[in-house]
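One structure is given here, and the rest of the page talks about it.
What follows is calculated from the coordinates using simple rules that are stated; it is not laboratory data. Quick caveat: nothing in here was measured; it's all calculated off a predicted structure. Glycine also receives a Cβ, built like all others from the backbone with ideal geometry; neighbour counts cover every protein chain displayed.
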Amino acid sequence: MDNLEILKEQWKSGDRELPKLSYKEIYKMLLKKSSSIVKWIFIISIAELLFWLSLYFIIPDSNLEIMSKMEIGDFILYSNIIHFTIFGVFIYYFYINFKSIKVTDNTKNLMNRILRTRRTVKYFVYYNIGMFIISSIILDIFFYNRSEQLYNVMDFASQGVPLENFATVFIISQIVVGILVVGLLMLFYWLVYGLLLRRLRSNYKELKKIDQE
């Protein structure tokens, strides 16, 4: 955005040797940059969906067998269907936001669509992190209540793992892993989507300045 500030100062100056841009031309530059940012949000969200889907489809058969014996396979399947459907809805809205920004014809509308895009991305991030936390809690409670069955299904006895305190150790390890995964998710969203949102916010501020002048 520093280049745009320089161009605006050049536009205001009376020096004929400097290139002059109208506010309309600056607006077009901001429109192009905003459209590009939203396009990247759309592309990255698709890549993220494909990544999570690939993880689901490469689950080892042994894990699927364990889930079946624990009578939780159907729950995981249906919850994933719901989750990926909602994920797809967010991607659809990212696409709609991208298409709408491309055809925006004035500063006010572009500002509103930037705000709408930022809200959509924030809801998307909150949903994904919240969904992971809630599903982890549900699964942890389920496995804790059926810890003896899990112990037998996974044949921990043959591995020398004592049954005593197994449930407590298991739930603590699951909580630690869950916290680490949530931390990595938050870091990913902050680095990727956070960067794009900060650029959109910068564009919004520039548009607001133009609109007030």
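Converting phi to 3J(HN,Hα) with the Karplus coefficients 6.51, -1.76 and 1.60 and the offset θ = phi - 60°, the stretch 189-202 yields 5, 5, 6, 8, 5, x, 4, 5, 5, 5, 5, 5, 4, 4 Hz in sequence order, with x at every glycine or proline.
Extension gain, Lys24 to Asn145, is 37.1 nm, computed as 0.36 nm per intervening residue step minus the present C-alpha separation.
Residue ranges 145-154, 58-67 sort as 145-154, 58-67 when ordered by packing (mean number of other C-beta atoms within 10 Å per residue, highest first).
When you count the other C-beta atoms within 10 angstrom of each residue and take the mean per peptide, 163-170, 29-36 line up highest first as 29-36, 163-170. Centroid-to-centroid, using Cα positions, the stretch 46-94 and the stretch 167-209 are 20 Å apart. In sequence order, the stretch 125-137 has phi-based couplings of 5, 4, 5, 4, 5, x, 5, 5, 5, 5, 5, 5, 5 Hz under the Karplus curve 6.51 cos²θ - 1.76 cosθ + 1.60, θ = phi - 60°, and Gly or Pro positions carry x.
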